[in-house]
Amino acid sequence: MVDLAYKTLLHDKLRFFITVAGVAFAVSLILVQVGLFIGILDNATITIEHLPADLWVTSKNTPNLDFVHQFPETSVERVRATPGVKRADNLILSFMNVALPTGAQETTVVYALSNFRRWGFPWNVTSGDVDDLKRGPYVFFDDSAAKRFGPFEVGDYRELMGQRLKIIGKTHDAKSFTTTPLAFMDYDRAQSLQPDLLRGKTSYILVELEPGARADEVRKAIEKELPYNDVYTKAEWASRSRDYWIKNTGIGFNAFMTVFLGCLVGIVVVAQTLYTSTMEHIKEFGTVKAIGGSNADIYKILAKQAGVSAVVGFVLGVIPSFAIRPLVEKGDLKLIIPTDFAVTVFLGTVVLCLVASMVSFRKVASIDPSLVFRA
Amino acid sequence: MPVLEASDVTKVFDEGKQRVSVLRGVSLALEPGEVVALEGPSGSGKTTFLSILGCILTPTSGRVVVEGQVVDPKKPGKLPDIRKRSIGFVFQQFNLFPALTALENVEYALNIKGVKSPLATQKAAEILERVGLAERMRFLPRDLSGGQKQRVAIARALAAEPAILLADEPTANLDTQVGAQILELFRTLARADGRALLIVTHDPKVRAVSDRVVQIRDGKIAA
C-alpha cells in the first residue's frame, strides 16, 4: 500500500522538522521540569526511603521530616513492648551550626542513631565505618557538603555547636530538600551537642515489625500507648513530607504549570503545523475524495501524520532530557525520570498530537471535492 | 444502453440571499466507447455539470443514472462508492500527489479503489507503460513535463478500469503538439476498452477526436 501520509509528511522536510521540534521542545520541557521536581521531592524523603522502618512515630502534628518537635525518648520503651514490634529505636534529626575554617557559619542536618549498622543507615558510605561513630567525637558528612562547607577529607576536623568533631567517613547522595548538607553522628553525641534541646529527647522512633505483623494493628496499639504522638507507615510519612513541600512552597503549582504549558505548546505547535499543512494540501485531499476516498481515508492520513510527529518528537525530546543529567548533577540537583512517567509522557504526547490533528479533521470534513476542478 | 445518463438536471446554489440557477434542465447520455466534447463559455455551467455527472455534486432536481444505478441525491454518503467503482477523472491541473512518484500516484488510486499492493503496483506499472511512461515511473511529478504529468493523470484515471472517464480541460496547460498527443492517447485508450469519455473543453482540437460535441450555454444544452 502506498503510504501517502508518511510520504507527504516527509516530502516537506522543513515543515516536518518544525513540527517535531515543537513536540520535542514540549516533551523536553515536561520531562526536565517534572524530573527536577521529582528529584527535589526525592531529596525531601530520601532518608525515609532508605531507612527500613515500617512505622514512624513522630510528635503530634509534625508537618514533615525536617520540621521536627522533640518528645521524651523513653517513649521508645513502650513501643518496644508493643506486640508485633521487632525493633524500635530513637532517631534524632536536628539542625546544628557548623563553624567553617573560613570563620563562616553554616548549618547541617544531623541524623543520630545509637546503632547505624542495625538500620543499614546511612546508605552509600564511600569511606569510613559507621560503627566507629560511637567511639568518640566523630562525624560523617555527605560529600555534597563540600559545596557549602568547602573541600574536606576524612581526618579533617569541623566544629559543630562549638565542639570539634573529626570527620571519619563520607557518604554519597544523602541530600535534603532544603539543600542543607547531611551529617551522621552517634545518638549520645548529638544530645551532648545540643543538651538544652535534645537531652532526654528524641525526634522520631523508628519501628520495624515482626514478620507477619499487621501494620495497622501495631499502629493502633502504639497510638493507644502514645496518645500524644502520631504514627505513620513509611509510605504515609513520605507522602506527608512531600505533600507539605508541594502544597506550601508553590513548587507543586510550578510543576503543574510547567506540564500544562508544555502540553499547550505541544498541542498548539502540532495543531498549527498540521492545520497549515492540511490547508496547503487541501486540493490533494480533494483529489483523494474525487477518486473515491472517504473522509475516513483522510482522517487516517492526518492521524498517522500526527502519530509519526508524536513518536519522532518524543524521541528527539527524550534524548536531550537524559543527556543533560550529568550537567544537572554538577549543580547538585537530581533529574529523575521514572520509566512509568516517561511512558505516560509518551502516551500523552501521542494522544495530544491526535487531539491536535482533530482541528484539521473539521476542515477535511467540509472539503468540497469539486475544488479539484478549480485552477 | 448508456453508461451515464443525466435527465433534466438542475442545480441551484444559494449565494447569500440570492439563489443562482447554474443548470436549468440539462440532459445528456453517454454510450460505452463514445467520446463527447462538452463546450461552452466560462460560467455556462460546464464544470458544475461535470461535477454532477461525476457524482461529486448532487443535482437540485433531475436524475442521474450511472451504469444503470440511479444516484440518490438524498444519500450523499453513497457518492464516494459510485466514484470509486465507475468513474475516472482527469483534471486540468493534473492534481497529482507531489510526494508520490508516478507509479505511486497510480498505485495509490488503485489502493483507494480497493486493489491491494503488490497487485496494485503491477497494474500501475502496466498502465504507465501503456501511456508511454515506462522510463519515468520512479519520477516525482516535479521532475516530469506537463505532458508527462497528464499521462500519469490519465493512467491514474484508467487504472481501475472505470466505465466512465471525465476530463476537465485536459489540454489547457499543455502546448499544442503535446495537447494533440494527449487527446489522441486518451481517445485511443478509452475506445480500446469501450469506456465512455466526456471532455469538458475550450480547445477546438478536442472536436477532432470527439464523436459528438455538446454545447452548453446559460445552464442549458444549446446544440
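The values are calculated or read from the model by the stated rules, or taken from the named source; none is laboratory data. This structure is a prediction, so every number in the text was calculated from the model and none was measured. Cβ atoms come from the backbone with ideal geometry, glycine included; neighbour counts cover every protein chain shown.
If you take the residues in the stretch A:161-192 that are assigned to a strand (DSSP E or B) and not aliphatic (A, V, I, L, M), which one is nearest to residue A:93 (Cα to Cα)?
Looking at residues that are assigned to a strand (DSSP E or B) and not aliphatic (A, V, I, L, M), I get A:184.
Out of all the residues in the stretch A:132-148, which are surrounded by fewer than 21 Cβ atoms within 10 Å (Cβ to Cβ) and not small (Gly, Ala, Ser)?
Matches in the stretch A:132-148: A:132, A:134, A:135, A:137, A:138, A:143, A:147, A:148.
If you go through the stretch B:52-73 one residue at a time, do you hit one that is under 24 Å from residue B:212 (Cβ atoms) and assigned to a helix (DSSP H, G or I)?
yes
Scan B:140, B:96, B:110, B:119 and give me the residue that is within 12 Å of chain A (Cβ to nearest Cβ), farther than 30 Å from residue B:64 by Cα and touching a residue at least 12 places away in the same chain (Cβ under 8 Å).
Criteria check complete, one pass: B:140.
Would a scan of the stretch B:144-167 turn up a residue that is β-branched (Val, Ile, Thr), in contact with a Ser or Thr (Cβ under 7 Å, 6 or more places away or on another chain) and under 24 Å from residue B:34 (Cα atoms)?
Yes - at least one qualifying residue is present in the stretch B:144-167.
Counting only residues that are modelled with pLDDT of 95 or more and in a loop (DSSP other than H, G, I, E, B), how many does the stretch A:84-106 have?
Number of matching residues: 1.
Out of B:149, B:205, B:113, which single residue is surrounded by 13 or more Cβ atoms within 10 Å (Cβ to Cβ), at pLDDT below 90 and under 18 Å from residue A:290 (Cβ atoms)?
B:113
Tally up the residues in the stretch A:222-245 that are in a helix (DSSP H, G or I) and surrounded by fewer than 18 Cβ atoms within 10 Å (Cβ to Cβ), please.
7
Across the stretch B:122-137, what is the total count of residues that are part of a loop (DSSP other than H, G, I, E, B) and either aliphatic (A, V, I, L, M) or within 13 Å of another protein chain (Cβ to nearest Cβ) (or both)?
The number of residues fulfilling the criteria is 3.
Please find, among B:174, B:197, B:165, B:133, the residue that is more than 30 Å from residue B:44 (Cα to Cα) and of a type in the set (A, V, I, L, M).
B:133
Any idea which of A:287, A:258 is in contact with a helix residue (DSSP H, G or I) (Cβ under 8 Å, 6 or more places away or on another chain), more than 14 Å from every other protein chain (Cβ to nearest Cβ) and buried (at least 16 other Cβ atoms within 10 Å of the Cβ)?
It is A:258.
Only residues that are touching a residue at least 40 places away in the same chain (Cβ under 8 Å), outside any helix (DSSP H, G or I) and under 16 Å from residue B:150 (Cα atoms): list them for the stretch B:166-197, please.
B:166, B:167, B:168, B:169, B:170, B:172, B:173, B:197 - these are the residues of the stretch B:166-197 that are touching a residue at least 40 places away in the same chain (Cβ under 8 Å), outside any helix (DSSP H, G or I) and under 16 Å from residue B:150 (Cα atoms).
Determine if the stretch B:34-41 includes at least one residue that is at pLDDT 90 or above, within 14 Å of chain A (Cβ to nearest Cβ) and assigned to a strand (DSSP E or B).
Yes: the stretch B:34-41 contains one or more residues that are at pLDDT 90 or above, within 14 Å of chain A (Cβ to nearest Cβ) and assigned to a strand (DSSP E or B).
Return yes when residue B:88 is crowded, with 24+ Cβ neighbours inside 10 Å and within 11 Å of chain A (Cβ to nearest Cβ) and no when it is not.
Yes.
Every residue, every condition in (1) within 23 Å of residue A:255 (Cα to Cα); (2) more than 14 Å from every other protein chain (Cβ to nearest Cβ), yes or no:
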position: A:297; (1), (2): no, no
position: A:309; (1), (2): no, yes
position: A:319; (1), (2): yes, yes
position: A:329; (1), (2): yes, yes
position: A:353; (1), (2): yes, yes
position: A:360; (1), (2): no, yes
position: A:364; (1), (2): no, no
position: A:372; (1), (2): no, no
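Those residues that are acidic (Asp, Glu) and more than 14 Å from chain B (Cβ to nearest Cβ), I need them from the stretch A:1-52; list them, please.
A:42, A:49
So if I check each of A:158, A:117, which one is outside any loop (DSSP other than H, G, I, E, B), surrounded by fewer than 21 Cβ atoms within 10 Å (Cβ to Cβ) and touching a residue at least 12 places away in the same chain (Cβ under 8 Å)?
A:117
Within the stretch B:123-159, work out how many residues are small (Gly, Ala, Ser) and under 16 Å from residue B:108 (Cβ atoms).
Residues in the stretch B:123-159 being small (Gly, Ala, Ser) and under 16 Å from residue B:108 (Cβ atoms): 6 in total.
Need a quick list: helices (runs of 4 or more DSSP H) entirely within the stretch A:276-375 having at least 3 residues that are free of Cβ contacts under 8 Å to residues at least 12 places away in the same chain and farther than 18 Å from residue A:19 by Cα.
A:295-323, A:325-330, A:339-365
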